[in-house]
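Quick notes on the structure that follows.
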Amino acid sequence: MALLVEFAVAADEFPLGSLFSAVPEATVELERIVPTNGAVFPYLWIGGADRHDVTAALEASPPAETFTLVDELDDGTVLFRAEWDPTANGIVSAIVDSNVTLLSAVGKRNQWRFRLRADDHDAIKRFQTRCRTNDVRLSVRRLQPLESRETNTELTLAQLEALELAFERGYFDDPRRATLDDLATELGITRQSLAGRLRRGHRNLLARLFGIDEQVARRATSFSAE
C-alpha cells in the first residue's frame, strides 16, 4: 500500500542553508516537476524577501549549487532554476537512492518540511536507513496510507497550511472574519507571500476538480507574471 510520510529536518541539512543565513525571512517551495534531463528538483519558488537580497545570497552558494532567475510574480515571489549535485547532500541522495517520490518541500530558516510518497513500508525503511547513513537527522511528523489524504495530494504543505488557516479563521466567510494581514502575521510571512500561496492552492484544487493535469496547469502559469 502506498504511504504518505511527512517529516522535518533542520535548515542546514538541505541546500540553501546560506540563503536562510543571509535572508532569514525567505520561504522556499520546491517545484514538484518530474525532470526529463536527470536534474533533481529543478525549480524553486522563493517568497517573503527582496528579490535582490535573494539573488545575492544564492550567488554566494557553494559551487555545487547554481541558481538562475526565471520569473517574478506580482506578489514578489520569484522562480529560480536550480542545479545541484545530488551526491553532495545527504537528504537529496537519500530521496533519489530510496526510490521515493517527493510531493512537496517547504523551507524556512529553522527547518525544511517534506512530504514524500512511498510504495510500501520497505521503501520508507530504505529512506530512513539512507538518511542515518548520511548523518541526516529527520523528525517524522506523519505516516499514513496515501488514500486517506488523496484529496490533498496536489497541494504543497505551505498551500495546505494557508488554505486550512484561512478557512478556520473565517477568511472565506461573508462577511470575512479575518484579513490577509491577520493570517500572514499568524503564519509569520508577508501578505504578498500568503496571497500567492492561496492563489496557487486554489489553482491546484480547481485543476483537480475540473480534471486538468496539475503539472500542465502549474507549467502553464509558472512562467507568467499573472
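Side notes on the structure shown:
- Residue count, the range 91-126 (criterion: open to solvent by less than 70 Å² (accessible area, probe 1.4 Å) and either more than 19 Å from the chain's Cα centre (by Cα) or among the polar types (S, T, N, Q) (or both)): 8
Residue-by-condition table, conditions (1) part of a helix (DSSP H, G or I); (2) at pLDDT 80 or above:
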residue: F80; (1), (2): no, yes
residue: T87; (1), (2): yes, no
residue: V92; (1), (2): yes, no
residue: I95; (1), (2): yes, yes
residue: R109; (1), (2): no, yes
residue: W112; (1), (2): no, yes
residue: R117; (1), (2): no, yes
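- When L157, L143 are checked against the criterion of being modelled with pLDDT under 85 and open to solvent by 30 Å² or more (accessible area, probe 1.4 Å), a single residue qualifies: L143.
- Residue within the range 124-139 that is within 30 Å of A184 (Cβ to Cβ) and not β-branched (V, I, T) present: yes
The values are calculated or read from the model by the stated rules, or taken from the named source; none is laboratory data. Computed from a predicted model, the values in this text were never measured in an experiment. Neighbour counts run over all protein chains shown; Cβ positions are idealised from the backbone, glycine included. What goes into the accessible areas is simple: the full protein's heavy atoms, side chains included, and nothing from ligands, DNA or RNA. Shrake-Rupley method; radii C 1.70, N 1.55, O 1.52, S 1.80 Å.
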